[in-house]
Each structure stands twice: as structure tokens, then as C-alpha cells.
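Asker: Just passing along the structure, written as C-alpha cells.
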Amino acid sequence: MAQETQEIDIRMWCIRILKNWYWILLSCILFGAWGIYTYLSTTPRHTVDAKIMLRTSDSDAPLPQMEMLAMMGMGGMKQVEDEVAILTSRDILTQVVRDLDLQNEYRKKRKLRWEGQYPSHDLTMVYPETFLDTIKRTVRLQLKVRKNDYLVKVQYGQRWNVSRHKVKDITVPFETCAGKIAINFNKPLEKGDKYRVVTMPMLPAVDKYTQTIAASPLKKESNVIVISTSTDMPQRAIDFINKEIDFYNLDAVVDKNIMASNTAAFIEERLRLIEEELAAAESNLEQYKERNGIVDLITEAEIYLHEGSEYKKQAVEIETQLNLVKYIGEYVSDETNKNSLIPANLGIEDPALIALVTEYNQLLLNRMRVQRTATTNNPVLSQMDLQLAVLRENIISSINSISNTLAIAKENIDKQFGKIESMRYGLPSQERQFVEVVRTKELKEQLYLFLYEKREENALTLASTVMPAKVIATPQMNPTPSAPNMKMIAMICLILGICFPIGIIYLYHFFNNKISDDSKDLERRIKVPFGGVLVQNHHGEHVAVREGVNSASAELFRLLRTNIHFMLPPNTSNPVILVTSNINGEGKSYVATNMAMSLALLGKKVALVGLDIRKPMLAQYLNLPSQGLLTSYLSDSDYTLEDVTIPSGTPGLDILPAGIVPPNPNELLMGERLDQLFAELRQRYDYIVVDTAPVALISDTFQLNRVADMTIYVCRARYTTYDLIDFLNNVHEQKRLPNIVTVLNGVNASKAGYGYGYGYGTSKR
């Protein structure tokens, strides 16, 4: 049963939509016109993209220890995502925007489109010297060239400070809501030309390009980065991406130079100290020779040094590493170097310490980049400071561990060397002291030469200018526009053109609580037989049924008459037919009048009784000379039926209009005179049609239940509400009126016709 109801609803909606096909067609035409306008007024957008590859040198290659640290979550490997973040950072983009003067955007009206002008533009905005650096809100300017002057509209901000100006010479600064501005011409302007200029503060301008410029790895674990954007000014996008890559490379070179310069300064300081120590060692050797009169102990010393050369070499190397680690430890422990890079490339052989120093320097460089555009209380900076402190502690701990290890190694070497030293105990004391002085001098020379070599290597690093990003695909514009998409616009317009009117129809019927013109809407809701439909009375005629008239209204009343005839209870003679409704305005008096007229045209004797005694309308409908005396008949036994009956002028039809409104209408209808009245009417007339009061407002009509045979219940399309239909069903279930038949009045003539919506004694229960 539910499935059957659903199928009926779907069919109803399909019919309802098809009946409104012209609205759907009109909607498709309007949305189609909107789509064409959108396509013609939208400046074509193109995709511009480029590819760069991050260079990796041998020095940048990750060590096995660094890979282990990365697996432990301590970093150490260069991440492409980090470089993407640097490439699209606000600092880089700010430099690009400032270099290309992208705070100003120029557009010219061409037909329906506002086309961007880049790199050349017809005019140039002239602001005060510090305006672009101090501007707080966006300035929007519209310029129209007229015959003798210029019409300028300036908006400062989003919704406030709008000013209009008629300017004869706009090259001369004039006052606006944004301050004094002027406009210089780069080419002669013509009458009718229209321009738009948008000047943004630096931060919103940078944010705009941050949202439009995208950078991402080409593939997972790939060093290739794809930079792309979609724009209506392709050349601007090409220049932007090229500048972005240039500033990224420059930023990386600056970072490299900072590290190399810091290392160079560190080496220079240590070379100065070692040089002083070496000079002192050489001076001690000379003084020793002079003091002891030694001419040539070189041969004997060389013999001794040759025998212990391997041990001395190892001892020197260990001593060098100890000094380097000591220097690094002192540098890191110094609080004044807290925010300085740790010198690198000094020749430290411990890979774990190298990894920690590399990670520390990289994190510190990243912090410097973030600090350029971030506030002091930025949580990212706080997190970086915490990571740097942890790394610094790890470096100090690693240095202490390395120092202990080297000290143990040196102690072992010294033991081995001690055995050889014991062999020279027999030598004169002079010789032993001489060898010690020579050994100290050679140690200082070795350390000096080592640091000098590292200084040269660092100088080469500082002099090299290899860019970290190699362009493997220059910025190129895709010739096929990415927008506007004609197929997409057409599809959207078609969908909107169809769905919009259907949605309106659905919403109208969803929120509408009134019976529609479709009789099936009423039939689905009522629990009584449905008698038929009556068309809307547009001409204000109260009598639609006349002899010789074949109008649609007259014919529908004839069909209703036939349906009523078959719906009357069997063996009913001289029936009394009540005509009522829920409320005023549904057309019960109109239906009663024309129903009586239709029965009279059959040659029957018909009495039309006006028992809506609170608001009588029959006399007005039929243009009767008086209001009648029916209420007088009911209240006074001296009145006879002849006294209250008025001929209608139509053969066979008499009218009993209501009289003066009594003070007690309900009690009047409960009296015996009412029963006497209808007994007499049944003897004289074939049909008695009674115009009664609306049942949803007053209870008068229910008093006539005892004298009636049938009730015609009038509902009106687009007027009767669904809750009144529920009231009708309750009246039927409670049997407060006899043999109810429902009639739908006021249907649009185009939706009514022969055979339309008629029921034959059927009901939906």
C-alpha cells in the first residue's frame, strides 16, 4: 500500500512538473543567458608551472649515523618539505612582491571583461613616498575617461570611505579618502576608457600570492619540486615564479655564506693563538741551543724521532682532535654564542658529533628565517628554541664523551711511547730536553698546518656560488585556459535551469497548506465521496446556469447534478440537499443557487431555501427585492409557506430567502416549525436545496441533520486549508451530516474539463 502511494506521488509530481514546462524552459533560457554572460565577462585563466631540482653535494649526502638519527626522530636529513616551506615562505614572497611591484594591480575594461595589464599598463598610480609602506587597508580606484574630465571613484577599505571626484587633470595630486594621489599616463587615453586599480598593503598582497602559488614534490622521496599557479595574467605568473626561484637561491647562498663566514672567523682566531704558541716554541728551541751551546744534536734527535714517529704521529692526531673538540666545547658552552652557528668543516672525525652540529646549524638557520616574519611569542619559535637547547646539551655531552675517549687513547699511546723513551734514558739530559723542545714545536706546527688547510677549504666554500635549486623546466603557460570552462558552465546552467523551478514548485507545495487545482489532491485527503469540480467564477456572476447557456461552468454544474442524482440514497423522494462549507468564501451559496437552477431546468419543481440565517446571501445573489421572511416563519406560527416564498423568475424554481437575523438562530433551527417547514416543502417540491451556514464556524447546520437526505460539502481550490479537510473528515466519521459529497470549487478553467477528476460514488477511506 505504501509503495502504491509512493508511485502515485511520483506520478503526481511528474504531471505537476510537466504542466509547468514553460517555467522550466524560461528558467533554462535565463540561466543560459547568465552562463553566456559569465563566460564572456570572465577573463581566461591559464595554468603556469615550473620544475626545479634540489642539488645535493657530497658534503650534503647523509651519513649512516645521520640516517640512524633520522630514524630515531632526531632529524639530520634534508627534507624536501622543508625546502618547499622555505620556497613559499612569506619572507621570500615579500621580496618577490616588492621587486615586481605587485602591490598595485591594473585592469582595463574591454567589452565585458576586466583584463589585467602586466607588465606594461596604460597608467601608473602616484602615491606619497611612504604610502605603500604605511598603508593599512586596500585602496580601490575606478577611473572613467570622459570628454572634458575624468570621473574617479576611490574606496579605502571594504565598505567605508568612498569618494567620487570629477578631475580635470589627474596628473596633479588631488585629495581623496585615501589621501593625496595622482595618476600618470603611460600612453594617451581615449574617451570611454575604464580602468580599475587595486593597491593592497604588503601583508594582504603576500597572503594573496601565498594562496595562489602552490609548490609540492613531484613524487614521493623526489628532489624535484613543482611550482604552479592559475592566473589571468600569465606573464605575471612567469615572472613571479622566476623571481621566487632567484630569491630562494639567494637566500640559500646567504645562509651558506653565514655558516662559512662564522667558521672562517673561528679558524682565524684559533690560527692567531696557535701562531703565538708556535712562535713561542721556536723561540724556546733557539734559546735552548744558545744556552747549552748545542751545535748539532739533530742527527741524534732524528734517530730518536724516527724510532717513535708512528707513535708521535698518532699522538699528534689525537692531540689535534682533542684541541678541536676543546675549541668546539668552549664555543658551545659560551652563552654569548647561543644564537650563533657552530663552526663546521674543522676536520672533526667523529660522525655523530658532525651530525649533531649539522642538525643544530640547520635548525638555527630555519629559526632565523622564521624569526624574520614571526613575532617574539610565536609558538614555532618557542618549539625551535627548545629543540636547540636539547641539541646543544647533546653536543656538549658528545664532546665530553669524545674527549674522554681521546684522553684514554692518548694515555695508551703515551704508554707505548714510554717504552721507547726508556731506551733513551742513557742519553745525556741535554739531548732529552732538546728532543722535548723539538717535539713541542712539531706539534704546534702540525696543528697550525691543519687549521691553515681548513681555512683554505672554507675560503673555497665561501667563494663557490653553486645554486641549490636547478631549474629543469622553466615556467610555461598552458595554452588551454583552465577557466572559464564552457562545458562546466553549460552543465551548471542546465542543472540550475531545471532544478531551480522544480525546487520552487516543490517548496511552494511543501509550505502550501491549501488545496490545489488538482482534484486528486483533495481526493487523496478526504474520506467521503467526491462529486466533481467547478470552475472559478472570474466575471462575478452569481448565476452561471441559465437556459440555453452552454458555458463550461454550466456544463460542470450539469455533470455535478448527474453525479448527485446517482449518489442520493436509494428510494429517496423529494430529497433535501444541504449545501455547506467549512468557512465563508468557499462558494456554498454560489453552488446552492446554481445547483437549484440546474435542477429546475430539468422541469423539476425546486425550492432554494436560505438557512444561513446569520449571514444570508441568496437575496443578494438573485437580486431579490426583499430579504425574505423565513426567520419570521420559523419564529411565528401565523406565517404560512406562501408568505415566505418568492418566485425566482425561472420556471419551477422558488426562493425562500432568510429574513432578519434573529437573536437566537440556533434555538430557532431546533424548533418544530423547521420540521413543519420541510414537511410542507417535500409535499410541494421535487428537490429542496438548502444554503446553510459554514460548519467550521458555527453549529447551525448540524441542526438540519434530522431533515436532510444529502450534504454537498464545498471546498475551494487555493483557499481551503488541509486542517479544514481534517475537520470535514471528522464530521463524516461522527456522522454529524447525512451522506456527504465533496465538491471542489474555484478550479482554474484550464485545468477543468469533461471527465476531469470526477468520482462516481467512490471515496478514499
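The values are calculated or read from the model by the stated rules, or taken from the named source; none is laboratory data. Keep in mind the model is a prediction, meaning the values are calculated, not measured. Quick reminder, even Gly has a Cβ in these numbers, built from the backbone with ideal geometry, and neighbours come from all protein chains shown.
Yes/no matrix, rows are residues, columns are (1) surrounded by 15 or more Cβ atoms within 10 Å (Cβ to Cβ); (2) under 24 Å from V591 (Cβ atoms); (3) modelled with pLDDT of 90 or more:
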position	(1), (2), (3)
P647	no, yes, no
P662	yes, no, no
L669	yes, yes, no
L677	yes, yes, yes
V690	yes, yes, yes
V695	yes, yes, yes
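Asker: When you go through (1) touching a Ser or Thr at 6+ places or on another chain (Cβ under 7 Å); (2) modelled with pLDDT of 80 or more one by one for N730, which number turns out not to apply?
Answerer: All conditions pass for N730, except number (1).
Asker: Another question about this same structure. Suppose we filter the stretch 356-371 for residues that are over 16 Å from R90 (Cα atoms) and either of a type in the set (A, V, I, L, M, F, W, C) or not in a helix (DSSP H, G or I) (or both); how many remain?
Answerer: Within the stretch 356-371, the subset over 16 Å from R90 (Cα atoms) is 356-364.
Subsequent filtering for residues that are either of a type in the set (A, V, I, L, M, F, W, C) or not in a helix (DSSP H, G or I) (or both) retains 356-357, 363-364.
Of the residues in the stretch 356-371, 4 are over 16 Å from R90 (Cα atoms) and either of a type in the set (A, V, I, L, M, F, W, C) or not in a helix (DSSP H, G or I) (or both).
Asker: Out of everything in the stretch 159-180 that is more than 22 Å from K109 (Cα to Cα) and of a type in the set (V, I, T), what residue ends up being modelled with the lowest pLDDT?
Answerer: T176
Asker: Turning to a different aspect of this structure: Taking the stretch 145-203 on its own, how many of its residues are among the basic types (K, R) and either closer than 23 Å to L102 by Cβ or surrounded by 13 or more Cβ atoms within 10 Å (Cβ to Cβ) (or both)?
Answerer: Final tally of qualifying residues: 5.
Asker: OK, next. Answer yes if at least one residue in the stretch 125-145 is assigned to a strand (DSSP E or B) and farther than 27 Å from L203 by Cβ, and no otherwise.
Answerer: Scanning the stretch 125-145, I find at least one residue that is assigned to a strand (DSSP E or B) and farther than 27 Å from L203 by Cβ, so the answer is yes.
Asker: While we're looking at this one, here's another question. Quick check, is N400 in a loop (DSSP other than H, G, I, E, B), loosely packed, with under 15 Cβ neighbours inside 10 Å and modelled with pLDDT of 75 or more?
Answerer: On the way: in a loop (DSSP other than H, G, I, E, B): no; loosely packed, with under 15 Cβ neighbours inside 10 Å: yes; modelled with pLDDT of 75 or more: yes.
Considered against the rule, which asks whether it is in a loop (DSSP other than H, G, I, E, B), loosely packed, with under 15 Cβ neighbours inside 10 Å and modelled with pLDDT of 75 or more, N400 comes out as no.
Asker: Kindly establish whether I655 is assigned to a loop (DSSP other than H, G, I, E, B) and either assigned by TED's automatic domain parsing to the domain that holds E547 or at positive phi (or both). Working first, answer last.
Answerer: On the way: assigned to a loop (DSSP other than H, G, I, E, B): no; either assigned by TED's automatic domain parsing to the domain that holds E547 or at positive phi (or both): yes.
In short, no.
Asker: Limited to the stretch 617-642, what total is found for residues that are exposed (fewer than 13 other Cβ atoms within 10 Å of the Cβ) and either assigned to a loop (DSSP other than H, G, I, E, B) or not polar (S, T, N, Q) (or both)? Don't jump to the end; show me each part of the working.
Answerer: Quick first cut of the stretch 617-642, residues exposed (fewer than 13 other Cβ atoms within 10 Å of the Cβ) only: 620, 623, 625-626, 636-638, 640, 642.
Adding the requirement that they be either assigned to a loop (DSSP other than H, G, I, E, B) or not polar (S, T, N, Q) (or both) leaves 623, 625-626, 636-638, 640, 642.
The number of residues fulfilling the criteria is 8.
Asker: Do we have T593 as touching a His at 6+ places or on another chain (Cβ under 8 Å) and assigned to a helix (DSSP H, G or I) here?
Answerer: Taking the combined requirement at face value, the residue satisfies it.
Asker: Across the stretch 697-721, what is the number of residues that are basic (K, R), farther than 18 Å from V528 by Cα and touching a strand residue (DSSP E or B) at 6+ places or on another chain (Cβ under 9 Å)?
Answerer: In the first step, residues of the stretch 697-721 are kept if they are basic (K, R); the result is 706, 716, 718.
Now drop any that are not farther than 18 Å from V528 by Cα, which leaves 706, 718.
Pick out the ones that are also touching a strand residue (DSSP E or B) at 6+ places or on another chain (Cβ under 9 Å) and you get 718.
The number of residues fulfilling the criteria is 1.
Asker: May I pose another question? Considering only residues that are among the small types (G, A, S) and touching a Lys or Arg at 6+ places or on another chain (Cβ under 7 Å), which ones fall in the stretch 89-123?
Answerer: S89, G116
Asker: Determine which member of the set A596, A592, A607 is buried (at least 23 other Cβ atoms within 10 Å of the Cβ), within 25 Å of Y685 (Cα to Cα), in contact with a helix residue (DSSP H, G or I) (Cβ under 6 Å, 6 or more places away or on another chain) and of a type in the set (A, V, I, L, M, F, W, C).
Answerer: Numbers: A596 fails: in contact with a helix residue (DSSP H, G or I) (Cβ under 6 Å, 6 or more places away or on another chain); A592 fails: in contact with a helix residue (DSSP H, G or I) (Cβ under 6 Å, 6 or more places away or on another chain).
It is A607.
Asker: If the Cβ limit is 8 Å and pairs must be 6+ apart or interchain, which residue in the stretch 309-324 that is modelled with pLDDT of 75 or more pairs with which residue that is polar (S, T, N, Q)?
Answerer: What qualifies is T320/Q446; L322/S403.
Asker: On to the next question. Looking only at the stretch 549-569, count how many residues are hydrophobic (A, V, I, L, M, F, W, C), surrounded by fewer than 20 Cβ atoms within 10 Å (Cβ to Cβ) and more than 60 Å from the chain's Cα centre (by Cα).
Answerer: Residues flagged as hydrophobic (A, V, I, L, M, F, W, C), surrounded by fewer than 20 Cβ atoms within 10 Å (Cβ to Cβ) and more than 60 Å from the chain's Cα centre (by Cα) within the stretch 549-569 amount to 4.
Asker: Could you please find all residues in the stretch 157-190 being touching a Lys or Arg at 6+ places or on another chain (Cβ under 6 Å) and within 16 Å of Q142 (Cβ to Cβ)?
Answerer: Answer for the stretch 157-190, where residues must be touching a Lys or Arg at 6+ places or on another chain (Cβ under 6 Å) and within 16 Å of Q142 (Cβ to Cβ): G157, R164.
Asker: Specify the residue that is nearest to S397 (Cα to Cα); the eligible residues are those in the stretch 323-355 that are acidic (D, E) and not in a helix (DSSP H, G or I).
Answerer: D350
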